[in-house]
Number of protein chains: 2
Amino acid sequence: MAKISKAACIGGGVIGGAWAARFVLAGTDTRIFDPHPEAQRLMSEVMANAERAYGMLTSAPLPVKGTLSFSESLEEAVRGADWIQESVPEKLDLKRSVLAQIDAAADPKALIGSSTSGLMPTDLQRDMRHPERMFVAHPYNPVYLLPLAELVGGKNTTRAVLEDAKVKLATIGMTGMIINKEIEAFVGDRLLEAFWREALWLIKDDICDTETLDNVIRYSFGLRWAQMGLFETYRMAGGGAGMRDFLSKYGPSLSRPWTKLTDVVDPDADLVEKIAVQSDAQSGQRGIRELERIRDQNLVGIMQALKAGDEGRGWGAGKLLAEFEAHLWKTAPKHQANPSNEALKLLEVKVPAVWIDYNGHMTEYRYTQCFADASEALLQMIGVDTDYVRSGHSYYTVESHVRLLAEARLGDALYVTAQLLPSDGKKIHTFMSLYRASDDTLLSTYEHLLLHVSSKESRSVPPLPEVMGKLKLLIEAHAVLPAPDAAGRSVGQRS
Amino acid sequence: MAKISKAACIGGGVIGGAWAARFVLAGTDTRIFDPHPEAQRLMSEVMANAERAYGMLTSAPLPVKGTLSFSESLEEAVRGADWIQESVPEKLDLKRSVLAQIDAAADPKALIGSSTSGLMPTDLQRDMRHPERMFVAHPYNPVYLLPLAELVGGKNTTRAVLEDAKVKLATIGMTGMIINKEIEAFVGDRLLEAFWREALWLIKDDICDTETLDNVIRYSFGLRWAQMGLFETYRMAGGGAGMRDFLSKYGPSLSRPWTKLTDVVDPDADLVEKIAVQSDAQSGQRGIRELERIRDQNLVGIMQALKAGDEGRGWGAGKLLAEFEAHLWKTAPKHQANPSNEALKLLEVKVPAVWIDYNGHMTEYRYTQCFADASEALLQMIGVDTDYVRSGHSYYTVESHVRLLAEARLGDALYVTAQLLPSDGKKIHTFMSLYRASDDTLLSTYEHLLLHVSSKESRSVPPLPEVMGKLKLLIEAHAVLPAPDAAGRSVGQRS
């Protein structure tokens, strides 16, 4: 995939800063131009959120981070960049003028995306000399986690540019959905706008309070929409007859005067006050930073659940995550081409909220998960990758022994080291150790036996020569290491 | 909590049948009246879906299932029931007449809920002699999984009845949200209606196709809304200044003519055809039953992720699930009061999709999860419950040894047996076996050492006497069992 080699973010607020975090975490050097006096502080907060979230989201090998710097001028920021993202305040005149400045200073081939949530790209690109490479790339908060960018071209944008943008976004874990025609607010915010107006009426008319409304959403269709959208969900409601049946059943309800269609609610001082008071009662016991952390942890948990969906093939946003991880594995430098006689460092991960039990500790089976992920990294390293598994070969776990020595807690950065014990290669025998990164405390050990199998023949066979070669080099290099104390230990054995 | 002792479902389609499944799985005897010739077949499909989903959703001890029967008449169905749920087609005259019949035949104190998604309870209860106990209980599809029921009273419904309904719904894993005032379509469907109209315009005007629209939802705000609703999400967008700031920023956008506010889209034949064709292209490669399975598996995964959210305390629908499980543990019969000299049967669970890896097998660490859940059941059995842990005592895992002998696959029903090996009670030493229920194949074994600790003093101490007493009885009863072959085994040891 065509990586973004240099990025520039013009405007570095909550949205622009999160774009910058995505670029940097994907290994792209990024410059920000934002004259706001608080810009650097805000960026460091967004970056911290993004890094924490990514640490929990994936144990796939993220590339070495790109550099992040603040430029003194817009011109300096965009120089040499091949993706420039504009995220300045939502005013047409301002955006037009900023985009014209970007256009004048940037490489004529550089892609220029605008984060606008409502303005039309044709209006935005009017003053540009190279408008063909300008488009809307409208993301959703938190931009560092939610994968969507709506891609909308203006009259002068070429289709090739939109396609190119889509390919490039995939390299930073996002998916570009190309919208056919430009309209104000595009698709997502049009839907949200209709929804929001109706919600305001419900509050204004005291049908319910904000907390009840939020619960109605998140206990019902909110759960559905995390994984299937409106039409796929309703297709099921139609039963075997599908969409035609559903529409013939429910189409007529459209003529009912249910929604406050023809009125525009006036968000006057009374309504603002009512909503603010109800929202304080609902959410005021937690600060914004705490809500953000909870939201991010939930999103990570949901995306990981969806990644395991459709029987391990991934579904919805979880399929996108799986594809991004496959891209990360594919583009990761193949380390350990020259095995050394040191234990391998295999995994770095931060403990997400969903790994914590009601005691505040990491749940027992999540230790096993860390070691299983580390084993996966070891297998990748010796050439047991998706293609190898597809060709009908794989290593299966036979048995393992885990000791829990100290507790991991929420947000702890962890790493795993592995030593290969003598074995014939048809079996792999490893001894792994899980450490807390902040103070190198040993938290857990894991002794593990894997067996190579032909999944077609359902029996154990030696690995293919290339894998066997890499593995033997590692086993030989580790032969000089002392045998770990706890290797060969059984449960309850006195030490 | 006040359990529902007998339930009746009048109308047993997708909605009524799923209500019946909820009742039956919560241990309530349930009668259905539905003269439709296909009613029994449909019910068995819904029940199968619900049982599969519940098996994956929770390993908490579900009560013995209630009986399910079909009645020849409405009168027979409602006799002796204390919750009657009406789910007949969405026509006011029909529902009014059915509700009047229910009213006449039912115990005057029985609660009567209507599943209507739009009709006003005041209109529905007009012909009833005891309208005070009638209300709308509007659920969401799939009713056996989504926890929400909107509770809406009519002019004659008493508040006490709504409060009672809320308490009773919690015993079947649902949460009743009481809506202040009755309006047509209540809260959820009002919001959905506004959203749906806007979506139809976007398709009609060719702004995007149904697949793009669905992806826009599920890659962005759909993920957010599975865990926080509209207002809590926007509160964060306002930053530190909260809701007032957000409203002052975005309130003015309401006056923009973005949505197709003043037009009502006509779902004419052309639009129906367009949507049907696009929906076929998007989802037609999978049948409805397959989509339902994928949806249910995703919902289970999302709810489990949310149950682990907020650092193990549960969040949103996951908190509701945790509360339901706590209720199940509390009301479960305390078995093993008289320990026998047989291995304990501790866990029954079906393998959900999120436990499956890309090989189609259950992922390694999910075996450990099964054994950890079985250990949790063992601890509950000897009195180590939430109160005990809150009082500052708990058992922590020290070490474990797992052997994987055969593969578990998606949907397999599994169970765990456990044998207690000799130990002093400060330590618990168990040997567990995981079986496939269909053919009693041994899939995995687990040897496990737990240590009792005082979490306040951070050191190991003996358990409190009541726990020690129960534990000793079990250990003594198991002393006559032969020692398991694989106990005391280390990794790689020749057998």
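FYI, it's all coordinate maths here, none of it is from the lab. Predicted model, so just to flag it, every value in this text is computed and none were measured. Positions of Cβ are generated from backbone atoms using ideal geometry, with glycine treated the same way; all protein chains shown enter the neighbour counts.
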*When each copy gets a label point 7 Å from Cα toward the beta-carbon at B:Gly392, what are the spacings between them in nm, shortest first?*
6.3
*Measure off 7 Å from each Cα along the Cα-to-Cβ vector at B:Lys345 and B:Lys181, then give the distance between these two points in nanometres to one decimal.*
5.6 nm
*Listed residue pairs exceeding 29 Å between alpha carbons, taken from A:Lys274/B:Lys330; A:Lys3/A:Lys345; A:Lys249/B:Lys3; A:Lys3/A:Lys319; A:Lys330/B:Lys319; B:Lys345/B:Lys426*: A:Lys274/B:Lys330; A:Lys249/B:Lys3; A:Lys330/B:Lys319
_Global geometry of chain A, whether rounded, prolate or oblate, following the gyration tensor of its Cα atoms and the 1.5 cut on a/c_ = prolate
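Classify the protein assembly as shown: rounded, prolate or oblate, from the alpha-carbon gyration tensor (a ≥ b ≥ c, eigenvalue square roots; a/c under 1.5 rounded; otherwise prolate if a/b is larger than b/c)? Don't skip to the answer; put the middle values down first.
Details: a/c = 1.84, a/b = 1.08, b/c = 1.70.
Judged from the Cα gyration tensor, the protein assembly as shown comes out oblate (a/c at least 1.5, b/c at or above a/b).
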*asked:* Quick check: Cα centre of the stretch B:274-306 to Cα centre of the stretch B:95-141, how many Å?
replied: 33 Å
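State the antiparallel share, in %, of DSSP beta bridges confined to the protein assembly as shown, rounding to the nearest 5.
Values: 92 of 138 bridges.
Here the share of antiparallel DSSP bridges comes out near 65 percent.
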*Inter-copy spacing of B:Leu92 label points, which lie 7 Å from Cα along Cα→Cβ, given in nm from shortest upward*: 4.5
*Cβ-placed point charges (K, R +1; D, E -1), dipole of the stretch B:433-495 about Cα centre in debye, nearest 20*: 240 debye
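State the antiparallel share, in %, of DSSP beta bridges confined to chain B, rounding to the nearest 5. Mind dumping the intermediate values first?
Numbers: 43 of 66 bridges.
The antiparallel proportion sits near 65 percent.
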*asked:* Could you tell me the relative contact order of chain B? Use alpha-carbon pairs under 8 Å, at least six residues apart, and round to a whole percent.
replied: 11 percent
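Out of the stretch B:431-495, which trypsin sites (Lys or Arg not before Pro) are coil in DSSP terms and have no more than 10 other C-beta atoms within 10 Å? Show your work: numbers first, answer last.
Working: sites: B:Arg436, B:Lys456, B:Arg459, B:Lys470, B:Lys472, B:Arg489, B:Arg494; in loops: B:Lys456, B:Arg489, B:Arg494.
Sites meeting the loop and neighbour criteria: B:Lys456, B:Arg494.
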*How about B:Lys350: which aspartates and glutamates have a C-alpha closer than 16 Å to its C-alpha, ignoring those fewer than 8 places off in the same chain?*
A:Asp310, A:Glu311, B:Glu51, B:Asp296, B:Glu364, B:Asp373, B:Glu407, B:Asp412, B:Asp439, B:Asp440
*To the nearest 500 deg cm²/dmol, what mean residue ellipticity at 222 nm is calculated for chain B from DSSP H runs of n ≥ 4 alone, each contributing -39,500 (n - 2.57), summed and divided by the residues?*
-12500 deg cm²/dmol
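Please go through the stretch B:386-472 and write out the GluC sites (Glu not before Pro) that DSSP classes as loop and that have at most 12 other C-beta atoms within 10 Å.
Details: sites: B:Glu399, B:Glu407, B:Glu447, B:Glu457, B:Glu466; in loops: B:Glu407, B:Glu457.
The qualifying sites are B:Glu457.
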*May I ask you to list the GluC sites (Glu not before Pro) in the stretch B:1-90 that are in a DSSP loop and have at most 14 other Cβ atoms within 10 Å of their Cβ?*
B:Glu38, B:Glu72
_Label geometry 7 Å along the beta-carbon vector: A:Gly284 inter-copy distances in nm_ = 5.5
*Distance from the Cα centre of the stretch A:452-486 to that of the stretch B:210-243, in angstrom?*
48 Å
*Where does each of B:Val453, A:Val402 land when they are ranked from fewest to most other beta-carbon atoms within 10 angstrom?*
B:Val453, A:Val402
*Whether the stretch B:322-468 is rounded, prolate or oblate, judged on the alpha carbon gyration tensor where a/c under 1.5 counts as rounded*: prolate
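Using the number of other C-beta atoms within 10 angstrom as an exposure proxy, rank A:Val349, B:Val161, A:Val152 with the fewest first. Don't jump to the answer; show the numbers that get you there.
On the way: A:Val349 23, B:Val161 20, A:Val152 27.
Arranged by neighbour count, lowest to highest, A:Val349, B:Val161, A:Val152 become B:Val161, A:Val349, A:Val152.
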_the stretch B:15-79-the stretch A:346-369 distance, computed between alpha-carbon centres (Å)_ = 38 Å
